[in-house]
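The values are calculated or read from the model by the stated rules, or taken from the named source; none is laboratory data. Being a predicted model, the structure only gives us computed values, none of them experimental. Only protein heavy atoms, including side chains, enter the accessible area calculation; ligands, DNA and RNA are left aside. Shrake-Rupley method; radii C 1.70, N 1.55, O 1.52, S 1.80 Å.
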Amino acid sequence: QAPLVESGGSSVRAGDSLRLSCAAALSPFSDYAMAWFRQAPGKERQFVAGISRYSSSVEYTDSVKGRFTISKDYNDRMTYLQMNSLQPVDAAVYFCAGERAESTRIVPTSYNYWGRGTQVTVSS
């Protein structure tokens, strides 16, 4: 079983909303800080949002602050990324990442567990 499985990616229009989901096989889920990264064609993988082990702190890249919200559901071992007011620059493959740690990190190499990604396309 893959440690992380993303879903929810879709093709939308500018201004629309999407919620990405990440199902985790990591246990206990409360031991893991979780994050979302994205990668557009020809670009490096970029940190988008992160949430600490017990959800006491969240972190966002500047370009999504006020539009995206990350959250965790401990009962179902899910991590969500609510994305509002999507813009064409948000189009990318979105990856869920997890690491057994207290807080999130913005560097991809800090995470040992990854999903395969889900595609988000935004048309103007």
Relative contact order (percent) for the chain, with alpha-carbon contacts under 8 angstrom and 6 or more residues of separation? 37
Among Arg19, Arg67, Arg105, residue whose mean-square fluctuation peaks in a GNM of the chain (springs only between Cα atoms under 10 Å): Arg67
Reported to the nearest 10 Å², Lys65 has, with a 1.4 Å probe, an accessible area equal to 120
Each residue of segment 62-76 in turn: what ³J(HN,Hα) in whole Hz from Karplus with 6.51, -1.76, 1.60 and θ = phi - 60°, glycine and Pro shown as x? 4, 5, 10, 4, x, 10, 10, 9, 9, 8, 10, 10, 6, 5, 9
Nonlocal amide H pairs with Ser57, under 5 Å, H built at 1.01 Å: Ser52
Solvent-accessible surface (1.4 angstrom probe) belonging to Thr121, in square angstrom, nearest 10: 60
